[in-house]
Amino acid sequence: MPGTKISLSQMEAFCAVAKYRSFKEAALRLEISQPSLVNKMSQLEECYGAKLLVRRRENNRLTSIGAALLPLFQSALNAVRESEHLMYSHSKMQSGEIRIAAVSPYKVSRILKVFNSRYPNIRVKASFSSSENIQRLLELGEVDAAFYVQAEKRPGQQAFRCYEYSLVAILPREHPLASKSALEIGDFHQQAFISREEGSLTRSLFEEALREQSVVVDTRYELGSRESIREAVGQGLGISVVAEDEHVPHPNIVVRPIRSDRLSIVSSLVVLNERVSTPLTQSLIQVVTALAREFDRETADCALAS
């Protein structure tokens with residue numbers, strides 16, 4: 001707008017401080033000096049005679065006008081990013097960056113391969129973590145989109161169905177239960193068990209299924225990755241459960257389905273409302289929507305084959 005006194009860098013500074021509540025952390029994220037960040041905020045407040053922050057050490061809070069301005073500034077910055085991408089997409093040097101987080105790399109790697117084939121000049125930054133941490137990253141705006149199981153619909157977010165999967169049991173090849181073609185939840189009672197870490201969706205789903213049938217396992221180990229659990233089972237230290245599409249074959253491990261309706265779940269692409277309409281996010285949604293149909297067909301084919 002002609003004559004406006006608010007700059008994009010001031011809006012970015014304000015949004016960063018509002019998000020991290022710390023001038024030090026916000027300056028690090030923006031890759032500018034802390035005095036420069038403080039100066040941008042001071043100029044913004046002084047220009048309009050408005051107090052936007054209640055300053056506290058490492059815990060700055062927004063005033064009422066600051067809280068009202070935040071979504072407007074965020075919307076303006078998103079509009080600028082959309083404009084840039086639109087201009088890039090109509091030039092020969094299409095480029096950009098999208099940040100995602102996911103629980104598992106397996107299906108997501110296939111999605112990213114297709115995305116890259118369609119948009120080879122778009123840089124993808126991917127990180128993998130637990131469902132709880134991914135939700136936190138999404139809400140903080142650290143990522144543009146996230147692949148995980150959304151336990152319940154959250155305000156301000158949209159979920160796009162990606163694929164369905166079930167939990168399966170993995171057992172040492174010589175384990176007594178390995179002779180069974182499929183396991184019941186009751187088969188796990190008092191068995192030496194290797195569990196995922198706290199916050200793992202696999203763990204919470206399985207523990208809920210155990211509680212429903214009053215089944216108690218003998219948890220011997222709590223490990224923080226699928227790879228470490230796979231190796232522990234391979235060494236004969238106990239049995240465990242994993243997502244069916246995440247297990248990598250191991251000479252000392254057998255995989256068995258579990259008869260339970262509680263262990264089949266849907267993974268989604270989750271995006272904040274404010275970013276759903278951005279061109280890069282729309283491109284990712286289109287890829288996921290197309291592949292979701294392929295994943296469903298593959299799941300149906302596997303079910304018929306078994």
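Each other residue within a Cβ distance under 9 Å of GLY141 adds +1 if Lys or Arg and -1 if Asp or Glu, for a net charge of -2. For region 234-255, the residues whose amide N sits under 13 Å from a probe point set 7 Å from the Cα of TYR106 along the beta carbon direction are 241-250, 255. Dipole orientation for the chain: of the candidates PHE23, VAL103, ALA243, PHE23 has the Cα lying most toward the positive pole (charges on Cβ; Lys, Arg +1; Asp, Glu -1). This model, with +1 at the C-beta of Lys and Arg and -1 at the C-beta of Asp and Glu, gives region 151-304 a dipole about its Cα centre of some 140 debye. When the chain is described by a simple charge dipole with +1 on each Lys and Arg Cβ and -1 on each Asp and Glu Cβ, the residue from ALA126, SER42, GLN150 located farthest towards its positive end is SER42. Classified by the C-alpha gyration tensor, region 69-196 has a prolate form. Its axis ratio a/c, with a ≥ b ≥ c, is 1.5 or above, and a/b is larger than b/c.
Considering the zone a paramagnetic label at ARG81 would reach in this model (a point 7 Å from Cα along the Cα-to-Cβ line), which residues of region 271-300 have amide N under 17 Å from it? Under 17 Å, as judged by backbone N against the label point of ARG81, lie 271-286 of region 271-300. Computed over the alpha carbons of the chain, Rg followed by Dmax gives 23.9, 78 Å.
The listed peptides 46-57, 185-196, ordered by packing as a protection proxy, come out as 185-196, 46-57 (highest mean of other Cβ atoms within 10 Å first). A simple spin-label model places pseudo-atoms 7 Å from Cα toward Cβ; at GLU25 and THR289 they are separated by 3.6 nm.
Candidate cross-link partners of LYS51 among the lysines, defined by an alpha-carbon separation under 18 Å and a same-chain spacing of 8 or more, comprise LYS5, LYS19, LYS40.
Please report, as a whole percent, how much of the solvent-accessible surface of the chain comes from carbon and sulfur atoms (probe radius 1.4 Å). Using a 1.4 Å probe with all protein chains present, the chain comes out at 51 percent carbon and sulfur. Placing pseudo-labels 7 Å out from each Cα toward the beta carbon at ALA126 and ARG173 gives an inter-label distance of 3.1 nm.
The values are calculated or read from the model by the stated rules, or taken from the named source; none is laboratory data. This structure is a prediction, so every number in the text was calculated from the model and none was measured. Here Cβ is always computed from backbone atoms with ideal geometry, including for glycine, and neighbour counts include all displayed protein chains. Note: areas computed on protein heavy atoms with side chains; ligands, DNA, RNA excluded. Shrake-Rupley method; radii C 1.70, N 1.55, O 1.52, S 1.80 Å.
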